[in-house]
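Some notes on the structure that comes next.
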Amino acid sequence: MKTDAAMSARARILGALRGNRPAGAHPLPDLPDFPLDDGGDRRGHFLAALKSMGGKVFDGRPDEVLAARFPDAKQIASTVPEVAGNRDLAAVAHPRDLADIDVTVTRALFAIAETGTVALPDAVLGVNAVAYLAQHLVVLVDPADILPTVQDAYRRPEMAAHAYLAFHTGPSATADIEGVLIHGAQGVRSLTVVLAGR
């Protein structure tokens with residue numbers, strides 16, 4: 001919960017920004033179009049990009065994929081009807097309470113073939129931290145919702161309709177100067193995509 005001092009500091013900063021905004025119209029530049037040459041196989045391009053970023057992909061029933069991939073998972077948070085979780089996200093008082101989640105299962109609003117990215121909005125996640133504090137993230141993607149490029153994603157009306165929309169491209173990863181790659185250093189250790197229609 002924010003204190004009065006923190007809220008007043010926020011109000012002061014935002015007020016100063018609004019008060020110093022230059023007068024006049026300042027339209028955004030036109031969004032360029034960089035068509036994707038996917039050879040007529042957008043799904044295949046998405047899967048190749050996803051795998052190159054460390055993601056895994058599976059076909060099949062989401063509950064069966066979850067059971068096979070993470071048989072030892074004890075705490076499962078699910079935002080989709082296809083998988084029954086055992087953590088009630090509506091009862092979460094503080095995001096930090098999700099630190100013990102083994103697997104989060106959610107559905108992407110859309111995916112991007114160019115980069116192998118899945119888009120997760122606030123309305124789907126419920127508690128945004130559930131996509132970051134879990135050990136593993138399982139995302140359902142409808143193949144019909146795979147867009148060609150990032151530019152196509154920014155043209156979608158959902159980009160302005162949500163207060164929060166995160167792009168996830170593979171699991172969390174970091175590498176040192178010698179190129180030793182470690183997954184899960186700052187976030188989920190694995191990103192699994194299940195191709196499942198709505």
Contacts under 8 angstrom Cβ, first residue in segment 154-165 being farther than 13 Å from D122 by Cβ, partner surrounded by fewer than 13 Cβ atoms within 10 Å (Cβ to Cβ), 6 or more apart: Y154/L31; R155/L31
What pairs come out if I take residues in segment 51-70 that are β-branched (V, I, T) and pair them with residues that are outside any helix (DSSP H, G or I) and open to solvent by less than 90 Å² (accessible area, probe 1.4 Å) whose C-beta lies under 8 Å away, six or more apart or interchain? V57/T192; V57/V193; V57/V194; V57/L195; V65/F58; V65/V138; V65/T192; V65/V194
Flagged in segment 91-116 as out of contact with any helix residue (DSSP H, G or I) (no Cβ under 7 Å at 6 or more places or on another chain) and farther than 17 Å from Y132 by Cα, in numbering order, are A91
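Mind listing whichever residues of segment 105-134 are among the charged types (D, E, K, R) and in a strand (DSSP E or B)?
R107
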Do we find a residue being of a type in the set (S, T, Y), open to solvent by less than 20 Å² (accessible area, probe 1.4 Å) and under 21 Å from Q186 (Cα atoms) anywhere in segment 52-74? no
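Every residue in segment 81-98 that is part of a loop (DSSP other than H, G, I, E, B) and either surrounded by 19 or more Cβ atoms within 10 Å (Cβ to Cβ) or not β-branched (V, I, T) (or both), please.
P81, E82, V83, A84, G85, N86, R87, D88, A93, H94
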Against the definition (at negative phi and either part of a loop (DSSP other than H, G, I, E, B) or at pLDDT 90 or above (or both)), how does A11 come out, yes or no? no
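Which of the following residues is assigned to a loop (DSSP other than H, G, I, E, B), more than 28 Å from A84 (Cβ to Cβ) and hydrophobic (A, V, I, L, M, F, W, C): I182, I101, I177?
Answer to the selection: I177.
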From (1) at pLDDT below 85; (2) part of a strand (DSSP E or B); (3) not small (G, A, S), pick out the condition that doesn't hold for V139. (1)
If you scan segment 54-83, which residues turn out to be touching a strand residue (DSSP E or B) at 6+ places or on another chain (Cβ under 7 Å) and within 17 Å of V127 (Cα to Cα)? I76, A77, S78, T79, V80
Give V57, V65 a once-over and let me know the one that is aliphatic (A, V, I, L, M), touching a Ser or Thr at 6+ places or on another chain (Cβ under 8 Å) and part of a helix (DSSP H, G or I). V65
So for segment 124-144 (the condition being among the charged types (D, E, K, R) and either under 27 Å from T174 (Cα atoms) or touching a residue at least 60 places away in the same chain (Cβ under 8 Å) (or both)), does at least one residue qualify? no
The one condition in (1) in contact with a helix residue (DSSP H, G or I) (Cβ under 8 Å, 6 or more places away or on another chain); (2) closer than 26 Å to P121 by Cβ that G39 fails to fulfil: (2)
Odd one out for N20, checked against (1) within 24 Å of R107 (Cα to Cα); (2) of a type outside the set (V, I, T); (3) at pLDDT 90 or above: (1)
Give segment 53-81 a look and list any residue that's more than 18 Å from the chain's Cα centre (by Cα) and more than 24 Å from D97 (Cβ to Cβ), or say none. D59, G60, R61, D63, E64, V65, A67, A68, R69, P71
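The values are calculated or read from the model by the stated rules, or taken from the named source; none is laboratory data. Please read these numbers as outputs of a predicted model, since none were measured by experiment. Cβ: placed from backbone, ideal geometry, glycine included. Neighbour counts: every protein chain shown. SASA here: full protein model, heavy atoms, side chains in, ligands and nucleic acids out. Shrake-Rupley method; radii C 1.70, N 1.55, O 1.52, S 1.80 Å.
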